[in-house]
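Nothing in this text is a laboratory measurement; each read-out follows from the coordinates by a stated rule. Given the structure is predicted, the values throughout are model-derived calculations rather than measurements. Note that each Cβ is placed from the backbone with ideal geometry, even for glycine, and that neighbours are counted across all protein chains shown.
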Amino acid sequence: MLSLSPELDKNSVATLLQALRLLVQEEDSQRVDLANVLHKDMAGGLVACASLGEMIRHELANGANTASMGRLLGSLDSTLRKTLQLVRDMTEKQFPPVLKAFGLNVALQQLVRTIGENFAGSLVLHINGDEPPFDLASRLNLFRIMQSLLHHCVRYANTSWVEVTCRASADKLEITIDHDGGDDIWRDPVNGSELALIEARCALLGTSLEIMGAGPGGTSRVCLITHAAPVQLQA
């Protein structure tokens with residue numbers, strides 16, 4: 001059994017630095033991608049909408065016919081829809097709206113469906129109970145942890161099935177991930193940075209994470225336990 005403690009001590013400095021390096025790399029990459037989308041796609045779509053608006057005003061001022069106006073309005077509608085979809089896609093990458101609107105359980109259902117579409121094996125999710133009252137930042141952190149763990153499990157050729165079980169109570173959330181991918185998926189040195197980032201996220205939440213080796217039946221398990229922060233009562 002490999003136990004990843006949520007408490008960072010002197011021996012965790014190297015792991016923390018490794019996670020920070022990965023975070024900086026990811027943040028820089030995301031900034032570049034976001035800037036490209038904003039400049040090329042978003043700005044391009046808005047410029048096109050502005051141009052179409054000017055053309056419509058010009059046509060109206062010069063007695064435009066119905067066919068001409070119909071074509072321009074159709075182009076404007078199409079461009080607006082594409083630009084709005086870009087906004088939705090960018091928002092989804094930064095903070096899935098379902099996390100705020102419906103909570104972690106529903107977001108995990110959506111995540112499992114999305115990952116399962118590109119996974120040749122079986123990926124199932126069981127949810128028991130309502131999640132504790134996590135704040136939005138904690139929800140997002142837990143979601144990113146689960147996103148990393150599930151992607152890590154399904155991308156290995158030896159993995160043919162993954163089963164996720166969420167058990168929730170008023171103050172605790174326990175998530176287990178059973179799979180048949182074996183132990184090597186956690187021991188591969190190339191995954192050190194990714195696992196260091198998962199450990200850092202767990203430390204931020206005060207979450208315990210245990211990676212259990214394959215048993216007699218070849219099943220490996222990941223166990224994640226998170227306690228909700230006490231609700232502060234106002235005087």
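Given +1 on the Cβ of Lys and Arg, -1 on the Cβ of Asp and Glu, and no further charges, what dipole in debye does the range 98-227 carry about its Cα centre, rounded to the nearest 20?
Result for the range 98-227 is approximately 300 debye, rounded to the nearest 20.
Would you mind calculating the gained length between Gln25 and Leu73 on full extension (0.36 nm times residue separation, minus the Cα-Cα distance), in nm to one decimal?
Answer, rounded to one decimal: 13.0 nm.
Quick one: if the Förster radius is 45 Å, what FRET efficiency do Ala101 and Asn65 give, using the C-beta to C-beta distance and rounding to 0.05?
0.50
If R₀ is 30 angstrom, what is the calculated FRET efficiency for the pair Ala50 and Asp89, using the beta carbon separation as r and rounding to 0.05?
Plugging the Cβ-Cβ distance into 1/(1 + (r/R0)^6) gives 0.90.
Quick check: pseudo-label points 7 Å beyond the Cα along Cα→Cβ at Thr114 and Asp171, how many nm apart are they?
3.3
Whole-Å semi-axes of the range 26-94's equivalent ellipsoid, largest first, each the root of 5 times a Cα gyration tensor eigenvalue?
Equivalent-ellipsoid dimensions as semi-axes: 33, 11, 6 Å.
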